[in-house]
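Novice: Sending over a structure as structure tokens; questions will come in a sec.
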Amino acid sequence: QVQLIESGGGLVQTGGSLRLSCAASGRTFANPVMGWFRQAPGKERELVAVINWNGYIKKYADSVKGRFTISRDNAKNTVDLQMNILNPEDTAVYYCAAGRGMSIAPRDYSYWGQGTQVTVSS
């Protein structure tokens with residue numbers, strides 16, 4: 001089992017920044033790939049960014065490339081998502097997830113956090 005707890009969501013104006021953090025515990029070594037996903041009202045859950053076990057390989061959704069940065073600290077068992085130049089289209093519930101492969105599909109991730117709301121006002 002892996003437990004994931006997100007923090008750092010909130011309300012921000014267009015052009016602003018937020019930093020999300022995910023604290024992992026449990027059998028993290030068996031699920032070393034960490035991802036951030038988001039789900040807006042009426043839309044499917046989608047990948048934002050994913051990072052491999054050592055942080056050397058990262059993937060981003062096209063919509064966030066150049067604005068968001070995913071990072072991890074294995075000593076602290078945390079994964080962060082730095083979000084810059086936010087716009088209203090980024091408004092969603094953001095979820096941290098743990099899995100075994102660098103997949104963009106939510107179904108390939110076995111463990112999920114409870115989610116944190118990010119709201120960007122225009």
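The values are calculated or read from the model by the stated rules, or taken from the named source; none is laboratory data. What you are looking at is a predicted structure, and each value in this text was computed from that prediction instead of being measured. Please note: Cβ atoms are built from the backbone with ideal geometry, for glycine as well, and neighbour counts cover all protein chains shown. In case anyone asks, the SASA skips ligands and DNA or RNA and just uses the protein heavy atoms, side chains included. Shrake-Rupley method; radii C 1.70, N 1.55, O 1.52, S 1.80 Å.
Novice: Would you mind calculating the gained length between Ser7 and Gln39 on full extension (0.36 nm times residue separation, minus the Cα-Cα distance), in nm to one decimal?
Specialist: 9.9 nm
Novice: Counting only protein chains, not ligands or nucleic acids, how are Arg72, Arg107 ordered by accessible area (probe 1.4 Å), most first?
Specialist: So, going from the largest accessible area down, we get Arg107, Arg72.
Novice: Modelling each spin label as a point 7 Å along the Cα-to-Cβ direction, I'd like the Lys58/Arg27 distance in nm, to one decimal.
Specialist: Result: 2.9 nm between the two label points.
Novice: While we're here: If every alpha-carbon in the range 1-74 counts as one equal scatterer, what log10 I(q)/I(0) does Debye give at q = 0.27 1/Å?
Specialist: -1.49
Novice: Still on this model: When only the heavy atoms of the protein chains count and the probe is 1.4 Å, how do Trp36, Trp53 rank by accessible area, highest first?
Specialist: Ranked list, largest accessible area first: Trp53, Trp36.
Novice: Hey, another quick one. Could you give the alpha-carbon Rg of the range 52-93 over 2.2 N^0.38 Å, rounded to two decimals? List each step's numbers first, then the result.
Specialist: On the way: Rg = 11.7 Å, N = 42, 2.2 N^0.38 = 9.1 Å.
Output field value: 1.29.
Novice: Still on this structure: If the viscosity is 0.692 mPa s and the temperature 37 °C, what translational diffusion coefficient in µm²/s does Stokes-Einstein give for the range 3-122 when Rh comes from Kirkwood over Cα pairs?
Specialist: D, rounded to a whole number, is 234 µm²/s.
Novice: Here's something else I'd like to know. Just report the Cα centroid separation between the range 1-28 and the range 73-112, whole Å.
Specialist: Their Cα centres are 8 Å away from one another.
Novice: Starting from the Cα of Arg107, step 7 Å along the direction of its Cβ; do the same at Ser17; then give the gap between the two resulting points in nm.
Specialist: 3.8
Novice: Using the Karplus curve 6.51 cos²θ - 1.76 cosθ + 1.60 with θ = phi - 60°, what ³J(HN,Hα) values do you get for each residue of the range 62-67, in whole Hz, with x for Gly and Pro?
Specialist: Once θ is set to phi - 60°, the couplings for the range 62-67 become 4, 5, 10, 4, x, 10 Hz.
Novice: Let me ask something additional. Rounding to the nearest 20 debye, state how big the charge dipole of the chain is about its Cα centre with +1 on each Lys and Arg Cβ and -1 on each Asp and Glu Cβ.
Specialist: Numbers: 13 positive and 9 negative charges, 54 e Å.
That gives the chain a dipole magnitude of about 260 debye.
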